[in-house]
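Student: One structure, pasted below without further comment.
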Amino acid sequence: MRRKLIAGNWKMNGLLASGRGLARDLAAQLGDQPPACEFLVCPPFHLLVPVAEEIAGSPVLLGAQDCHSAEKGAHTGDVSAAMLADLGCSHVILGHSERRADHGESNSLVRAKAEAAFGAALVPVICIGETEDQRQAGEALAVVGAQIAGSLPQAEGEFVVAYEPVWAIGSGRTPTRDDVGDVHGHIRTLLCDRLGDARGRAIRILYGGSVKAANAGELLGIDQVDGALVGGASLEASEFRAIGTACA
Ligand code: PEP
């Protein structure tokens with residue numbers, strides 16, 4: 001059985017006081033829950049330490065939103081996987097479509113970052129997904145397949161795949177149940193082909209793109225959907241908790 005994972009991507013939101021406050025609310029709201037799922041929060045870099053302090057002792061896991069592919073060295077402004085692990089992170093989001101678009105991140109760079117994450121014992125959450133034009137051209141499965149082939153680490157280690165159609169992120173729009181099921185089923189087949197049945201079936205595949213409490217039950221009930229990567233709705237503790245409750 002794959003336990004569902006609800007991951008919050010805070011993106012570039014929150015200053016010290018508000019970030020601490022949100023983390024404190026999350027720890028209070030999620031701490032005493034019999035967890036139907038695992039919760040992960042991924043604040044921006046400057047909030048990792050304060051958030052780690054606020055969620056200490058709660059079941060909420062800590063993740064970052066990116067890391068560099070190198071272990072250390074002359075990379076001004078960048079952060080290594082080991083630095084993130086040192087701050088208490090267990091996970092790191094990699095290859096989010098906003099980083100692929102804003103920073104020109106390629107599949108091979110995402111793969112190198114994922115392998116760097118393994119080197120620091122972090123679990124990479126590797127994001128893939130088609131643009132609206134690609135979906136309309138009937139290319140969604142091919143695009144996702146190419147991203148799987150190019151972005152996944154070749155080394156052994158635990159990772160998570162997040163399927164996030166680019167056009168669904170922050171738009172309030174979601175694919176149909178059938179479309180989500182088709183893509184997740186395709187990803188599962190590709191994972192099993194690549195890693196063998198046992199390992200391929202153990203990998204969690206999250207859906208991301210406009211998930212909120214109101215649609216979480218439906219999306220999380222689709223075959224092969226093992227959780228959600230949540231942007232906007234993760235910035236409110238009660239909404240985030242309600243998404244987790246939908247797992248039950
Ligand atoms: C995201 O950015 O990963 C995301 C899914 O955002 P939202 O939930 O706001 O669509």
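The values are calculated or read from the model by the stated rules, or taken from the named source; none is laboratory data. Since the structure is predicted, the reported quantities are computational estimates derived from the model, not experimental observations. Neighbour counts run over all protein chains shown; Cβ positions are idealised from the backbone, glycine included.
Student: What's the number of the condition Asp66 fails, among (1) under 13 Å from the mean Cα position of the chain (by Cα); (2) among the charged types (D, E, K, R); (3) farther than 30 Å from Ser171 by Cβ?
Tutor: Of (1) under 13 Å from the mean Cα position of the chain (by Cα); (2) among the charged types (D, E, K, R); (3) farther than 30 Å from Ser171 by Cβ, only one is false for Asp66: (3).
Student: While we're looking at this one, here's another question. Please specify each residue of segment 211-226 satisfying the condition of being assigned to a loop (DSSP other than H, G, I, E, B) and away from the ligand (no atom under 11 Å from the Cβ). Lay out the reasoning, then the answer.
Tutor: Keep residues of segment 211-226 that are assigned to a loop (DSSP other than H, G, I, E, B), which gives 211-212, 221-226.
Once the filter is applied, which keeps residues that are assigned to a loop (DSSP other than H, G, I, E, B) and away from the ligand (no atom under 11 Å from the Cβ), segment 211-226 yields Gly221, Ile222, Asp223, Gln224, Val225, Asp226.
Student: Which of (1) among the polar types (S, T, N, Q); (2) surrounded by 21 or more Cβ atoms within 10 Å (Cβ to Cβ); (3) in contact with a Phe, Trp or Tyr (Cβ under 9 Å, 6 or more places away or on another chain) is the odd one out, the single condition Gln29 does not satisfy?
Tutor: The one condition Gln29 does not meet is (2).
Student: Of all residues in segment 67-87, which are touching a helix residue (DSSP H, G or I) at 6+ places or on another chain (Cβ under 8 Å) and not polar (S, T, N, Q)? Explain how you work it out, then say what you get.
Tutor: Here is the first cut: in segment 67-87, the residues touching a helix residue (DSSP H, G or I) at 6+ places or on another chain (Cβ under 8 Å) are 67-72, 79-82, 84, 87.
Within segment 67-87, Cys67, His68, Ala70, Glu71, Lys72, Val79, Ala81, Ala82, Leu84, Leu87 meet the criteria.
Student: For segment 159-188, give me each residue that is surrounded by fewer than 18 Cβ atoms within 10 Å (Cβ to Cβ) and either farther than 19 Å from Ile126 by Cβ or in contact (Cβ under 8 Å) with a residue 40 or more places away in the chain (or both).
Tutor: Gly170, Ser171, Gly172, Arg173, Thr176, Arg177, Asp178, Asp179, Gly181, Asp182
Student: Take Leu191 and tell me if it is farther than 25 Å from Val110 by Cα and buried (at least 18 other Cβ atoms within 10 Å of the Cβ).
Tutor: Numbers: farther than 25 Å from Val110 by Cα: no; buried (at least 18 other Cβ atoms within 10 Å of the Cβ): yes.
So Leu191 fails the test.
Student: OK, next. Taking segment 100-121, which residues are over 21 Å from Gln154 (Cα atoms) and part of a helix (DSSP H, G or I)? Walk me through how you get there before you give the answer.
Tutor: Here is the first cut: in segment 100-121, the residues over 21 Å from Gln154 (Cα atoms) are 101-104.
The answer is Ala101, Asp102.
Student: I would also like to ask the following. Of these, Phe39, Phe45, Phe118, which one is within 16 Å of the ligand (Cβ to nearest atom) and either of a type outside the set (D, E, K, R) or within 30 Å of Val143 (Cβ to Cβ) (or both)? Give the derivation first.
Tutor: Numbers: Phe45 fails: within 16 Å of the ligand (Cβ to nearest atom); Phe118 fails: within 16 Å of the ligand (Cβ to nearest atom).
So the residue among Phe39, Phe45, Phe118 that is within 16 Å of the ligand (Cβ to nearest atom) and either of a type outside the set (D, E, K, R) or within 30 Å of Val143 (Cβ to Cβ) (or both) is Phe39.
Student: Sort through Asp78, Asp102 and tell me the only one that's more than 16 Å from the ligand (Cβ to nearest atom), without any contact (Cβ under 8 Å) to a residue 60 or more places away in the chain and acidic (Asp, Glu).
Tutor: Working: Asp102 fails: more than 16 Å from the ligand (Cβ to nearest atom).
One residue alone meets the criteria, Asp78.
Student: Further, regarding this structure: Any idea which of Val79, Val51 is in a loop (DSSP other than H, G, I, E, B) and aliphatic (A, V, I, L, M)?
Tutor: Details: Val51 fails: in a loop (DSSP other than H, G, I, E, B).
Being in a loop (DSSP other than H, G, I, E, B) and aliphatic (A, V, I, L, M) holds for just one of Val79, Val51, which is Val79.
Student: Here's another thing I want to ask about it. If Pro43 passes every condition in (1) farther than 20 Å from Leu5 by Cβ; (2) out of contact with any Asp or Glu (no Cβ under 6 Å at 6 or more places or on another chain) but one, which one does it miss?
Tutor: It fails just one condition, (1).
Student: Then there is this: Looking at this structure, is Gly244 surrounded by 23 or more Cβ atoms within 10 Å (Cβ to Cβ) and more than 23 Å from Ile148 (Cα to Cα)?
Tutor: Numbers: surrounded by 23 or more Cβ atoms within 10 Å (Cβ to Cβ): yes; more than 23 Å from Ile148 (Cα to Cα): yes.
Yes.
Student: Let me ask you something else. Write out, first by first residue and then by second, each pair whose Cβ atoms fall under 9 Å of each other, whose residues are 6+ apart or on separate chains, and whose first residue, in segment 105-124, is on the phi > 0 side of the Ramachandran plot while the second is buried (at least 17 other Cβ atoms within 10 Å of the Cβ).
Tutor: Ala121/Ala81; Ala121/Ala85
For (1) touching a helix residue (DSSP H, G or I) at 6+ places or on another chain (Cβ under 8 Å); (2) crowded, with 19+ Cβ neighbours inside 10 Å; (3) at pLDDT 95 or above, each residue gets a yes or a no:
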position: Leu94; (1), (2), (3): yes, yes, yes
position: His103; (1), (2), (3): no, no, yes
position: Ser108; (1), (2), (3): yes, no, yes
position: Glu115; (1), (2), (3): no, no, yes
position: Ala120; (1), (2), (3): yes, no, yes
position: Gly129; (1), (2), (3): yes, yes, yes
position: Glu132; (1), (2), (3): yes, no, yes
position: Arg135; (1), (2), (3): yes, yes, yes
position: Glu139; (1), (2), (3): no, no, yes
